[in-house]
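For reference, the structure discussed in these notes is given below.
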Amino acid sequence: MIHSLFLVNASGDIFLEKHWKSVVSRSVCDYFFEALERATEPENVPPVIPTPHHYLISVLRHRIYFVAVIQSEVPPLFVIEFLHRVVDTFQDYFGVCTEAAIKDNVVVVYELLEEMLDNGFPLATESNILKELIKPPTILRTMVNTITGSTNVGEQLPTGQLSVVPWRRTGVKYTNNEAYFDVVEEIDAIIDKSGSTITAEIQGVIDACVKLTGMPDLTLSFMNPRLLDDVSFHPCVRFKRWEAERILSFIPPDGNFRLLSYHVSSQNLVAIPVYVKHNITFREGSSQGRFDLTLGPKQTMGKAVESVLVSSQLPRGVLNANLNPSQGTYTFDPVTKLLSWDVGKINPQKLPSLKGTMSLQAGASKPDENPTINIQFKIQQMAISGLKVNRLDMYGEKYKPFKGIKYMTKAGKFQVRT
(Lines give C-alpha, C1' and ligand atoms only; values in the text may rest on other atoms or scores of the structure.)
Protein backbone atom coordinates (compact mmCIF):
# COMPACT_ATOMS: atom_id res chain seq x y z
CA MET A 1 0.00 0.00 0.00
CA ILE A 2 2.36 2.76 1.23
CA HIS A 3 5.73 2.46 -0.48
CA SER A 4 7.54 5.46 1.03
CA LEU A 5 7.08 8.32 3.45
CA PHE A 6 8.79 11.70 3.14
CA LEU A 7 8.79 14.41 5.83
CA VAL A 8 9.06 17.94 4.43
CA ASN A 9 9.66 21.02 6.61
CA ALA A 10 8.29 24.56 6.16
CA SER A 11 11.34 25.51 4.05
CA GLY A 12 10.56 22.76 1.53
CA ASP A 13 13.45 20.47 2.53
CA ILE A 14 13.05 16.69 2.93
CA PHE A 15 14.57 15.96 6.34
CA LEU A 16 13.50 12.33 6.77
CA GLU A 17 12.44 9.48 4.50
CA LYS A 18 11.38 5.89 5.08
CA HIS A 19 10.86 3.17 2.47
CA TRP A 20 9.03 -0.13 2.90
CA LYS A 21 8.48 -2.09 -0.31
CA SER A 22 11.09 -0.46 -2.56
CA VAL A 23 13.16 2.71 -2.56
CA VAL A 24 11.35 5.54 -4.35
CA SER A 25 13.53 8.42 -5.54
CA ARG A 26 13.19 11.79 -3.83
CA SER A 27 12.50 13.30 -7.26
CA VAL A 28 8.89 12.08 -6.96
CA CYS A 29 8.38 14.93 -4.47
CA ASP A 30 8.95 17.48 -7.26
CA TYR A 31 5.25 17.15 -8.10
CA PHE A 32 4.45 17.98 -4.49
CA PHE A 33 6.77 21.02 -4.49
CA GLU A 34 5.09 22.31 -7.68
CA ALA A 35 1.67 22.06 -5.98
CA LEU A 36 3.13 23.78 -2.88
CA GLU A 37 4.33 26.73 -5.00
CA ARG A 38 0.90 27.11 -6.61
CA ALA A 39 -0.93 27.05 -3.25
CA THR A 40 -1.79 30.46 -1.79
CA GLU A 41 -1.67 29.07 1.78
CA PRO A 42 0.37 26.14 3.17
CA GLU A 43 -2.82 24.21 4.06
CA ASN A 44 -4.21 24.63 0.51
CA VAL A 45 -1.94 21.98 -1.02
CA PRO A 46 -4.16 19.26 -2.60
CA PRO A 47 -4.17 16.20 -0.28
CA VAL A 48 -3.96 13.82 -3.26
CA ILE A 49 -1.57 14.57 -6.14
CA PRO A 50 -1.48 12.11 -9.09
CA THR A 51 1.84 11.58 -10.90
CA PRO A 52 2.58 9.35 -13.93
CA HIS A 53 3.55 6.34 -11.77
CA HIS A 54 2.50 7.22 -8.19
CA TYR A 55 -0.05 9.00 -6.04
CA LEU A 56 1.22 11.46 -3.41
CA ILE A 57 -1.06 11.72 -0.35
CA SER A 58 -0.11 14.33 2.24
CA VAL A 59 -1.20 15.96 5.49
CA LEU A 60 0.13 19.14 7.14
CA ARG A 61 0.62 19.02 10.91
CA HIS A 62 2.81 21.27 13.06
CA ARG A 63 4.30 22.94 9.94
CA ILE A 64 5.53 19.57 8.66
CA TYR A 65 4.20 17.85 5.53
CA PHE A 66 3.89 14.06 5.82
CA VAL A 67 3.92 12.83 2.20
CA ALA A 68 3.07 9.17 1.51
CA VAL A 69 3.91 7.63 -1.87
CA ILE A 70 1.37 5.11 -3.21
CA GLN A 71 1.76 3.03 -6.39
CA SER A 72 -1.71 1.46 -6.60
CA GLU A 73 -5.13 2.98 -5.98
CA VAL A 74 -6.21 2.88 -2.31
CA PRO A 75 -8.89 4.83 -0.41
CA PRO A 76 -7.19 8.21 0.21
CA LEU A 77 -8.87 8.68 3.61
CA PHE A 78 -7.34 5.39 4.74
CA VAL A 79 -3.84 6.76 4.11
CA ILE A 80 -4.68 10.22 5.51
CA GLU A 81 -6.00 8.64 8.74
CA PHE A 82 -2.80 6.59 9.05
CA LEU A 83 -0.61 9.70 8.58
CA HIS A 84 -2.54 11.50 11.31
CA ARG A 85 -2.02 8.45 13.54
CA VAL A 86 1.74 8.66 12.88
CA VAL A 87 1.76 12.34 13.94
CA ASP A 88 -0.27 11.59 17.08
CA THR A 89 2.14 8.77 17.98
CA PHE A 90 5.18 11.06 17.59
CA GLN A 91 3.45 13.65 19.78
CA ASP A 92 2.65 11.00 22.39
CA TYR A 93 6.26 9.76 22.46
CA PHE A 94 8.20 13.04 22.24
CA GLY A 95 5.73 15.53 23.75
CA VAL A 96 5.82 17.64 20.58
CA CYS A 97 5.96 16.77 16.90
CA THR A 98 8.54 19.18 15.51
CA GLU A 99 11.44 18.83 13.13
CA ALA A 100 13.91 19.18 16.03
CA ALA A 101 12.15 16.49 18.12
CA ILE A 102 12.06 14.07 15.19
CA LYS A 103 15.76 14.62 14.42
CA ASP A 104 16.73 14.23 18.09
CA ASN A 105 14.87 10.89 18.28
CA VAL A 106 15.50 9.67 14.75
CA VAL A 107 16.27 6.08 15.86
CA VAL A 108 12.98 5.79 17.76
CA VAL A 109 11.15 7.35 14.79
CA TYR A 110 12.45 4.64 12.43
CA GLU A 111 11.64 1.93 14.96
CA LEU A 112 8.08 3.23 15.29
CA LEU A 113 7.55 3.46 11.54
CA GLU A 114 8.87 -0.10 11.17
CA GLU A 115 6.28 -1.39 13.67
CA MET A 116 3.38 0.75 12.47
CA LEU A 117 3.67 -0.47 8.88
CA ASP A 118 4.46 -4.04 7.83
CA ASN A 119 5.43 -4.28 4.15
CA GLY A 120 3.48 -1.06 3.58
CA PHE A 121 0.30 -2.10 5.43
CA PRO A 122 -0.77 -0.77 8.89
CA LEU A 123 0.08 -3.21 11.69
CA ALA A 124 0.38 -1.76 15.22
CA THR A 125 -1.04 1.76 15.52
CA GLU A 126 -2.30 1.66 19.12
CA SER A 127 -0.21 3.72 21.53
CA ASN A 128 -0.43 1.08 24.29
CA ILE A 129 0.88 -1.68 22.04
CA LEU A 130 3.66 0.50 20.62
CA LYS A 131 4.86 1.55 24.09
CA GLU A 132 5.30 -2.10 25.04
CA LEU A 133 7.15 -2.79 21.79
CA ILE A 134 9.28 0.38 21.84
CA LYS A 135 9.92 2.17 25.12
CA PRO A 136 9.40 5.97 24.99
CA PRO A 137 12.72 7.86 25.12
CA THR A 138 13.92 9.31 28.42
CA ILE A 139 17.19 11.04 29.27
CA LEU A 140 18.39 8.07 31.35
CA ARG A 141 17.38 5.50 28.73
CA THR A 142 19.07 7.53 25.98
CA MET A 143 22.33 7.67 28.02
CA VAL A 144 22.23 3.91 28.71
CA ASN A 145 21.55 3.15 25.03
CA THR A 146 24.46 5.37 23.98
CA ILE A 147 26.86 3.65 26.38
CA THR A 148 25.72 0.04 25.89
CA GLY A 149 24.63 0.22 22.24
CA SER A 150 21.19 -1.21 23.08
CA THR A 151 17.86 0.00 21.64
CA ASN A 152 14.42 0.95 22.93
CA VAL A 153 12.82 -2.16 21.41
CA GLY A 154 11.16 -4.36 24.06
CA GLU A 155 12.18 -8.01 24.49
CA GLN A 156 8.68 -9.46 24.89
CA LEU A 157 5.62 -9.49 22.66
CA PRO A 158 2.95 -7.06 23.97
CA THR A 159 0.32 -8.87 26.03
CA GLY A 160 -2.48 -7.00 24.25
CA GLN A 161 -1.53 -8.58 20.93
CA LEU A 162 -2.52 -11.97 22.31
CA SER A 163 -5.92 -10.95 23.72
CA VAL A 164 -9.33 -10.35 22.14
CA VAL A 165 -8.93 -6.63 22.90
CA PRO A 166 -5.59 -5.81 21.22
CA TRP A 167 -5.84 -2.13 22.22
CA ARG A 168 -5.56 -2.93 25.95
CA ARG A 169 -2.72 -4.69 27.73
CA THR A 170 -3.49 -7.23 30.43
CA GLY A 171 -2.69 -6.89 34.14
CA VAL A 172 -3.23 -3.12 34.35
CA LYS A 173 -3.13 -1.86 37.96
CA TYR A 174 -3.60 1.62 39.43
CA THR A 175 -3.86 2.90 43.00
CA ASN A 176 -6.06 5.79 41.81
CA ASN A 177 -8.70 4.69 39.31
CA GLU A 178 -9.94 7.56 37.18
CA ALA A 179 -11.58 8.26 33.81
CA TYR A 180 -11.60 11.74 32.27
CA PHE A 181 -13.36 12.78 29.06
CA ASP A 182 -12.82 16.03 27.14
CA VAL A 183 -15.53 17.13 24.70
CA VAL A 184 -13.79 19.57 22.34
CA GLU A 185 -15.71 21.31 19.56
CA GLU A 186 -14.29 23.47 16.79
CA ILE A 187 -16.65 25.82 14.96
CA ASP A 188 -16.05 26.83 11.33
CA ALA A 189 -18.22 29.70 10.10
CA ILE A 190 -18.47 32.44 7.48
CA ILE A 191 -20.50 35.51 8.51
CA ASP A 192 -21.53 38.03 5.86
CA LYS A 193 -21.45 41.84 6.06
CA SER A 194 -24.92 42.09 7.61
CA GLY A 195 -24.16 39.51 10.31
CA SER A 196 -26.06 36.62 8.69
CA THR A 197 -24.54 33.16 8.71
CA ILE A 198 -23.46 31.91 5.26
CA THR A 199 -22.05 28.58 6.39
CA ALA A 200 -21.48 27.10 9.83
CA GLU A 201 -20.46 23.65 10.97
CA ILE A 202 -18.92 22.00 14.00
CA GLN A 203 -16.14 19.43 14.15
CA GLY A 204 -16.10 17.70 17.51
CA VAL A 205 -14.00 15.08 19.30
CA ILE A 206 -14.20 13.27 22.60
CA ASP A 207 -10.71 12.61 23.97
CA ALA A 208 -10.33 10.26 26.91
CA CYS A 209 -7.73 9.63 29.59
CA VAL A 210 -8.65 6.34 31.26
CA LYS A 211 -6.51 4.84 34.02
CA LEU A 212 -8.50 1.92 35.40
CA THR A 213 -7.38 -1.35 36.95
CA GLY A 214 -8.24 -4.67 35.31
CA MET A 215 -10.57 -5.01 32.32
CA PRO A 216 -13.43 -2.51 32.87
CA ASP A 217 -16.41 -2.28 30.52
CA LEU A 218 -17.72 1.29 30.17
CA THR A 219 -20.96 2.76 28.81
CA LEU A 220 -21.30 6.45 27.99
CA SER A 221 -24.71 7.94 27.20
CA PHE A 222 -25.69 11.40 25.95
CA MET A 223 -28.66 13.67 26.63
CA ASN A 224 -29.08 14.38 22.88
CA PRO A 225 -27.12 11.86 20.74
CA ARG A 226 -29.18 12.62 17.61
CA LEU A 227 -27.15 15.81 17.16
CA LEU A 228 -24.17 13.84 15.91
CA ASP A 229 -23.51 13.29 12.21
CA ASP A 230 -20.64 11.45 10.49
CA VAL A 231 -19.47 9.79 13.70
CA SER A 232 -16.07 8.07 13.60
CA PHE A 233 -15.26 5.68 16.46
CA HIS A 234 -12.21 4.19 18.09
CA PRO A 235 -12.09 0.42 17.31
CA CYS A 236 -12.98 -0.33 20.95
CA VAL A 237 -16.57 0.99 20.53
CA ARG A 238 -19.29 -1.61 19.91
CA PHE A 239 -20.93 -0.19 16.80
CA LYS A 240 -24.10 -2.31 16.90
CA ARG A 241 -24.95 -1.01 20.38
CA TRP A 242 -24.52 2.55 19.13
CA GLU A 243 -26.75 1.93 16.10
CA ALA A 244 -29.50 0.38 18.21
CA GLU A 245 -29.46 2.52 21.37
CA ARG A 246 -27.18 5.51 20.66
CA ILE A 247 -25.04 4.46 23.65
CA LEU A 248 -21.24 4.11 23.58
CA SER A 249 -20.23 0.74 24.99
CA PHE A 250 -16.51 -0.10 25.07
CA ILE A 251 -13.54 -1.65 26.85
CA PRO A 252 -11.18 1.35 26.90
CA PRO A 253 -7.49 1.37 25.98
CA ASP A 254 -5.15 2.18 28.85
CA GLY A 255 -4.18 5.85 28.92
CA ASN A 256 -4.97 8.60 26.41
CA PHE A 257 -7.00 7.93 23.27
CA ARG A 258 -9.62 9.53 21.01
CA LEU A 259 -12.95 7.85 21.67
CA LEU A 260 -14.83 9.42 18.76
CA SER A 261 -14.97 12.33 16.36
CA TYR A 262 -18.16 13.79 14.94
CA HIS A 263 -19.62 16.47 12.71
CA VAL A 264 -22.61 18.79 13.15
CA SER A 265 -23.54 20.39 9.82
CA SER A 266 -27.17 21.49 10.30
CA GLN A 267 -26.90 25.29 10.32
CA ASN A 268 -29.96 25.70 12.52
CA LEU A 269 -28.14 23.69 15.23
CA VAL A 270 -24.94 25.77 15.06
CA ALA A 271 -24.99 28.76 17.42
CA ILE A 272 -22.57 31.60 16.61
CA PRO A 273 -20.88 32.50 19.95
CA VAL A 274 -19.48 35.93 19.02
CA TYR A 275 -20.67 38.89 16.97
CA VAL A 276 -18.68 41.63 15.25
CA LYS A 277 -19.73 45.22 14.58
CA HIS A 278 -17.49 46.66 11.90
CA ASN A 279 -17.12 49.82 9.87
CA ILE A 280 -14.13 49.67 7.52
CA THR A 281 -14.27 52.36 4.83
CA PHE A 282 -11.97 53.67 2.10
CA ARG A 283 -12.82 56.90 0.26
CA GLU A 284 -12.01 57.50 -3.39
CA GLY A 285 -9.16 59.98 -3.74
CA SER A 286 -8.50 60.12 0.02
CA SER A 287 -5.22 59.08 1.64
CA GLN A 288 -6.98 57.85 4.76
CA GLY A 289 -9.39 55.05 5.62
CA ARG A 290 -11.53 54.41 8.68
CA PHE A 291 -11.25 51.26 10.82
CA ASP A 292 -13.84 50.56 13.52
CA LEU A 293 -14.31 47.13 15.09
CA THR A 294 -16.23 45.93 18.18
CA LEU A 295 -16.55 42.36 19.49
CA GLY A 296 -19.20 40.89 21.76
CA PRO A 297 -20.38 37.50 23.08
CA LYS A 298 -23.58 35.89 21.79
CA GLN A 299 -25.33 32.61 22.71
CA THR A 300 -22.58 31.57 25.15
CA MET A 301 -24.95 30.58 28.01
CA GLY A 302 -23.10 32.95 30.35
CA LYS A 303 -19.68 31.39 29.69
CA ALA A 304 -16.69 33.67 29.13
CA VAL A 305 -15.11 34.01 25.68
CA GLU A 306 -11.33 33.79 26.21
CA SER A 307 -8.05 33.83 24.25
CA VAL A 308 -9.61 36.03 21.56
CA LEU A 309 -7.28 36.89 18.67
CA VAL A 310 -8.45 38.95 15.69
CA SER A 311 -6.47 39.10 12.44
CA SER A 312 -7.14 40.78 9.11
CA GLN A 313 -5.22 40.98 5.84
CA LEU A 314 -5.51 44.66 4.88
CA PRO A 315 -5.31 45.82 1.23
CA ARG A 316 -1.89 46.37 -0.35
CA GLY A 317 -2.49 50.10 -0.61
CA VAL A 318 -2.48 50.52 3.20
CA LEU A 319 0.83 51.98 4.37
CA ASN A 320 0.19 52.15 8.10
CA ALA A 321 -2.54 51.84 10.72
CA ASN A 322 -2.97 54.21 13.65
CA LEU A 323 -5.46 52.43 15.89
CA ASN A 324 -6.56 52.66 19.52
CA PRO A 325 -7.59 49.40 21.23
CA SER A 326 -9.87 49.65 24.29
CA GLN A 327 -8.42 46.32 25.44
CA GLY A 328 -5.39 44.22 24.57
CA THR A 329 -2.64 45.09 22.08
CA TYR A 330 -2.44 45.21 18.29
CA THR A 331 0.35 44.93 15.73
CA PHE A 332 0.45 45.89 12.06
CA ASP A 333 3.11 44.58 9.68
CA PRO A 334 3.61 47.17 6.89
CA VAL A 335 5.28 44.52 4.70
CA THR A 336 2.72 41.71 4.82
CA LYS A 337 -0.18 44.13 5.65
CA LEU A 338 -1.33 41.78 8.40
CA LEU A 339 -3.20 43.36 11.30
CA SER A 340 -3.34 41.31 14.55
CA TRP A 341 -5.27 42.24 17.68
CA ASP A 342 -4.74 40.19 20.84
CA VAL A 343 -7.95 40.86 22.76
CA GLY A 344 -7.76 38.26 25.54
CA LYS A 345 -11.00 37.79 27.48
CA ILE A 346 -14.22 39.56 26.43
CA ASN A 347 -15.96 41.48 29.21
CA PRO A 348 -19.71 41.69 28.34
CA GLN A 349 -20.05 44.88 30.45
CA LYS A 350 -17.30 46.66 28.49
CA LEU A 351 -17.02 45.32 24.95
CA PRO A 352 -13.53 45.48 23.38
CA SER A 353 -13.13 47.78 20.39
CA LEU A 354 -10.39 48.78 17.97
CA LYS A 355 -10.80 52.17 16.32
CA GLY A 356 -8.62 54.49 14.28
CA THR A 357 -7.41 55.44 10.81
CA MET A 358 -5.41 53.79 8.05
CA SER A 359 -2.88 55.65 5.90
CA LEU A 360 -3.12 54.88 2.18
CA GLN A 361 -0.73 55.47 -0.72
CA ALA A 362 -1.21 58.94 -2.21
CA GLY A 363 -3.07 58.81 -5.50
CA ALA A 364 -3.86 55.10 -5.17
CA SER A 365 -7.32 53.99 -6.25
CA LYS A 366 -9.85 52.78 -3.71
CA PRO A 367 -9.36 49.04 -2.84
CA ASP A 368 -11.69 46.73 -4.79
CA GLU A 369 -12.95 44.95 -1.71
CA ASN A 370 -12.93 45.27 2.05
CA PRO A 371 -10.73 42.92 4.11
CA THR A 372 -12.09 39.84 5.86
CA ILE A 373 -11.71 39.38 9.61
CA ASN A 374 -10.52 36.08 11.10
CA ILE A 375 -11.25 35.36 14.75
CA GLN A 376 -9.77 32.81 17.17
CA PHE A 377 -11.36 32.18 20.59
CA LYS A 378 -12.00 29.59 23.30
CA ILE A 379 -14.99 29.01 25.56
CA GLN A 380 -14.43 26.72 28.54
CA GLN A 381 -17.09 24.40 29.97
CA MET A 382 -19.38 24.69 26.95
CA ALA A 383 -20.08 22.58 23.86
CA ILE A 384 -21.54 24.95 21.26
CA SER A 385 -23.62 22.16 19.66
CA GLY A 386 -25.45 21.57 22.95
CA LEU A 387 -24.08 18.03 23.31
CA LYS A 388 -24.11 16.83 26.91
CA VAL A 389 -22.98 13.61 28.54
CA ASN A 390 -25.79 12.01 30.54
CA ARG A 391 -23.92 9.38 32.54
CA LEU A 392 -20.89 7.11 32.58
CA ASP A 393 -21.24 3.59 34.01
CA MET A 394 -18.66 0.88 34.61
CA TYR A 395 -19.17 -2.89 34.66
CA GLY A 396 -16.85 -5.85 35.21
CA GLU A 397 -14.92 -4.36 38.14
CA LYS A 398 -16.00 -3.77 41.77
CA TYR A 399 -14.17 -0.53 42.65
CA LYS A 400 -15.68 2.95 42.12
CA PRO A 401 -13.59 5.12 39.81
CA PHE A 402 -13.34 8.92 39.84
CA LYS A 403 -15.06 10.32 36.73
CA GLY A 404 -14.83 13.75 35.11
CA ILE A 405 -16.22 15.46 31.99
CA LYS A 406 -14.87 18.72 30.57
CA TYR A 407 -16.25 20.74 27.65
CA MET A 408 -14.52 23.28 25.42
CA THR A 409 -15.45 25.23 22.28
CA LYS A 410 -12.86 26.91 20.08
CA ALA A 411 -12.80 28.64 16.72
CA GLY A 412 -11.59 26.82 13.64
CA LYS A 413 -11.85 28.87 10.45
CA PHE A 414 -14.12 31.63 11.74
CA GLN A 415 -14.37 34.43 9.19
CA VAL A 416 -16.38 37.67 9.11
CA ARG A 417 -16.74 39.48 5.80
CA THR A 418 -16.85 43.27 5.77
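The values are calculated or read from the model by the stated rules, or taken from the named source; none is laboratory data. What you are looking at is a predicted structure, and each value in this text was computed from that prediction instead of being measured. Neighbour counts run over all protein chains shown; Cβ positions are idealised from the backbone, glycine included. Heavy atoms of the whole protein, side chains included, go into the accessibility calculation; ligands, DNA and RNA do not. Shrake-Rupley method; radii C 1.70, N 1.55, O 1.52, S 1.80 Å.
Worth a mention:
- Placing R38, R391, R316 in order of accessible area, with the largest value first and a 1.4 Å probe, yields R316, R38, R391.
- Most positive-pole-ward Cα, A244, A304, I57, against dipole of the chain from beta carbon charges: A304
- By accessible area, using a 1.4 Å probe on protein heavy atoms only, region 274-380 has 45% of its surface on carbon and sulfur.
- Highest-fluctuation residue, D118, D13, D192 considered, GNM on the chain with Cα pairs under 10 Å: D13
- Cross-linked pairs K103/K403; K277/K406; K18/K131: Cα-Cα separations exceed 29 Å for K103/K403; K277/K406.
- Computed over the Cα atoms of region 2-148, the ratio of the radius of gyration to the Kirkwood radius (Rg/Rh) comes to 0.97.
- In the chain, the calculated helix contribution to ellipticity at 222 nm averages -5000 deg cm²/dmol per residue, counting -39,500 (n - 2.57) for every DSSP H run with n ≥ 4.
- Heavy-atom accessible surface of region 1-45: percent carbon and sulfur, 1.4 Å: 44
- Alpha carbon centroid spacing (whole Å) that separates region 300-315 from region 371-398: 19
- Accessible area (Å², per residue) of the chain, counting only protein heavy atoms and a probe of 1.4 Å: 52
- Prolate/oblate/rounded label for the chain (Cα gyration tensor, a/c 1.5): oblate
- Each Lys and Arg adds +1 at its Cβ and each Asp and Glu adds -1 at its Cβ; summed about the Cα centre, the chain shows a dipole of about 1460 debye.
- Averaging the Cα positions of each part gives two centres, and for region 24-68 and region 264-283 these lie 33 Å apart.
- Debye intensity ratio I(q)/I(0), log10, region 255-383, q values 0.16, 0.17 Å⁻¹ (C-alpha model): -0.85, -0.92
- Gyration tensor (alpha-carbon) shape descriptor, region 176-269, a/c threshold 1.5: prolate
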